[in-house]
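Written below as structure tokens is the structure these notes are about.
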Amino acid sequence: MSEQAILRLQGIEKFFGEEHVLKNISLDVEEGELITFIGPSGSGKTTLLRVIGGFHEQTEGAVILDGETIDQLPPEKRTTGMVFQNYALFPHMSVYDNVAYGLKLKKDVPAEERDSLIKDALKQVQLDGYEARKPSELSGGQQQRVAIARCLVLKPKVLLLDEPLSNLDANLRLIMRDEIRRLKEELNLTIVFVTHDQEEALSISDRVLVLKDGEVQQLDAPPAVYQHPENEFVAEFVGHAN
Ligand code: ADP
């Protein structure tokens with residue numbers, strides 16, 4: 001196991017009733033790394049992400065963030081920011097207030113620092129100047145940036161993205177891919193990403209975790225997954241990328 005792992009999963013098992021959805025999953029994510037979970041529908045990608053974020057409790061195993069076991073913490077006490085597929089902005093609130101909302105839950109941030117934190121987060125997603133707009137006055141990509149800013153303002157140690165681009169058209173998806181890479185590089189963000197789009201995963205990630213029926217098939221950098229798939233399932237699955 002590596003020294004720099006910011007996020008460590010150890011022997012994660014998850015049952016929903018009788019259904020064994022995650023099987024002995026261990027993973028170290030390095031600081032500043034972008035790792036993507038890929039696999040067919042129902043293979044456990046979202047469940048694993050939700051276990052990290054605290055939205056599902058694992059049946060066995062540990063989630064360790066920056067050296068601390070966080071299994072007992074509810075989502076709002078974890079320093080994992082989660083951006084959901086349908087990003088759910090508050091439609092009646094301005095961009096500024098949507099981002100401010102995330103900070104409201106953090107009582108330890110002094111009032112005089114809040115404004116600059118909110119503005120910094122909006123700058124990071126290139127939305128400075130949009131503070132007063134309502135979500136309905138933004139494009140889908142801009143709305144997604146607000147959802148990301150709402151997480152970034154909390155300075156998460158790990159950003160969890162659950163199919164964040166799936167509601168965008170093909171062109172915007174490509175732009176947002178670059179945007180996520182840029183954020184990762186500029187802020188040295190650690191990102192865990194879930195997508196059903198293999199091509200997207202292989203183009204955006206430092207490493208991908210390939211899942212099938214809740215079991216890890218391969219954990220590797222994209223070129224290695226392409227060139228040296230560990231089994232027929234992986235070969236076939238990434239072969240469908242193009
Ligand atoms: P993926 O994200 O790869 O499509 P999921 O993690 O959503 O897969 O689902 C994995 C399995 O767990 C599926 O069989 C799904 O039906 C089941 N599952 C997911 N969420 C729940 C839940 N809240 N209750 C019961 N079963 C669930």
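At a glance:
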quantity	calculated
Single residue of S116, S166, S136 found to be touching a residue at least 24 places away in the same chain (Cβ under 8 Å) and part of a helix (DSSP H, G or I)	S136
Contacts under 9 angstrom Cβ, first residue in region 59-71 being under 12 Å from V29 (Cα atoms), partner polar (S, T, N, Q) and not in a strand (DSSP E or B), 6 or more apart	L65/T79; D66/T79
Looking only at region 16-26, and only at residues there that are within 15 Å of the ligand (Cβ to nearest atom) and under 22 Å from the mean Cα position of the chain (by Cα), the one that is surrounded by the fewest Cβ atoms within 10 Å (Cβ to Cβ)	K23
Members of region 14-48 that are of a type in the set (A, V, I, L, M, F, W, C) and under 20 Å from V238 (Cβ atoms)	I25, L27, L34, I35, F37, I38, L48
Residue within region 228-240 that is within 16 Å of the ligand (Cβ to nearest atom) and not in a helix (DSSP H, G or I) present	yes
Total residues in region 28-53, condition surrounded by 21 or more Cβ atoms within 10 Å (Cβ to Cβ) and over 16 Å from the mean Cα position of the chain (by Cα)	1
T46 in a helix (DSSP H, G or I), within 15 Å of the ligand (Cβ to nearest atom) and in contact (Cβ under 8 Å) with a residue 60 or more places away in the chain	yes
Leading residue by the ranking (surrounded by the most Cβ atoms within 10 Å (Cβ to Cβ)) among those in region 177-201 that are in contact with a Ser or Thr (Cβ under 7 Å, 6 or more places away or on another chain) and assigned to a helix (DSSP H, G or I)	A201
Failed item in (1) within 16 Å of the ligand (Cβ to nearest atom); (2) crowded, with 17+ Cβ neighbours inside 10 Å; (3) under 26 Å from L202 (Cβ atoms), with H56 passing the rest	(3)
Number of the exception - M93 against (1) outside any strand (DSSP E or B); (2) within 16 Å of the ligand (Cβ to nearest atom)	(2)
Pairs with Cβ under 6 Å, 6+ apart, first in region 178-199 and within 21 Å of L219 (Cα to Cα), second among the polar types (S, T, N, Q)	F193/T36; V194/T46
Number of the exception - L174 against (1) buried (at least 17 other Cβ atoms within 10 Å of the Cβ); (2) part of a helix (DSSP H, G or I); (3) not charged (D, E, K, R)	(1)
Enumeration of residues in region 203-242 that are over 15 Å from the mean Cα position of the chain (by Cα), in contact (Cβ under 8 Å) with a residue 24 or more places away in the chain and closer than 27 Å to P156 by Cβ	S203, V210, L211, G214, V216, L219
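Table: residues versus (1) more than 22 Å from R50 (Cβ to Cβ); (2) surrounded by 16 or more Cβ atoms within 10 Å (Cβ to Cβ).
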{"position": "S203", "(1), (2)": "yes, no"}
{"position": "V210", "(1), (2)": "no, yes"}
{"position": "V216", "(1), (2)": "no, yes"}
{"position": "L219", "(1), (2)": "no, yes"}
{"position": "P223", "(1), (2)": "yes, no"}
{"position": "Q227", "(1), (2)": "yes, no"}
{"position": "N231", "(1), (2)": "yes, no"}
{"position": "V234", "(1), (2)": "yes, yes"}
{"position": "V238", "(1), (2)": "yes, yes"}
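Conditions (1) touching a helix residue (DSSP H, G or I) at 6+ places or on another chain (Cβ under 8 Å); (2) surrounded by 13 or more Cβ atoms within 10 Å (Cβ to Cβ); (3) at pLDDT 95 or above, marked per residue:
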| site | (1), (2), (3) |
| --- | --- |
| V63 | yes, yes, yes |
| T80 | yes, yes, no |
| P91 | yes, no, no |
| D97 | no, yes, yes |
| K107 | no, no, no |
| V125 | yes, yes, no |
| Y130 | yes, yes, yes |
| S139 | yes, no, no |
| L154 | yes, yes, no |
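The values are calculated or read from the model by the stated rules, or taken from the named source; none is laboratory data. Every value quoted in this text rests on a predicted model; they were computed, and no experiment measured them. FYI the Cβ positions are ideal-geometry reconstructions off the backbone, even for glycines, and counts take in every protein chain you see.
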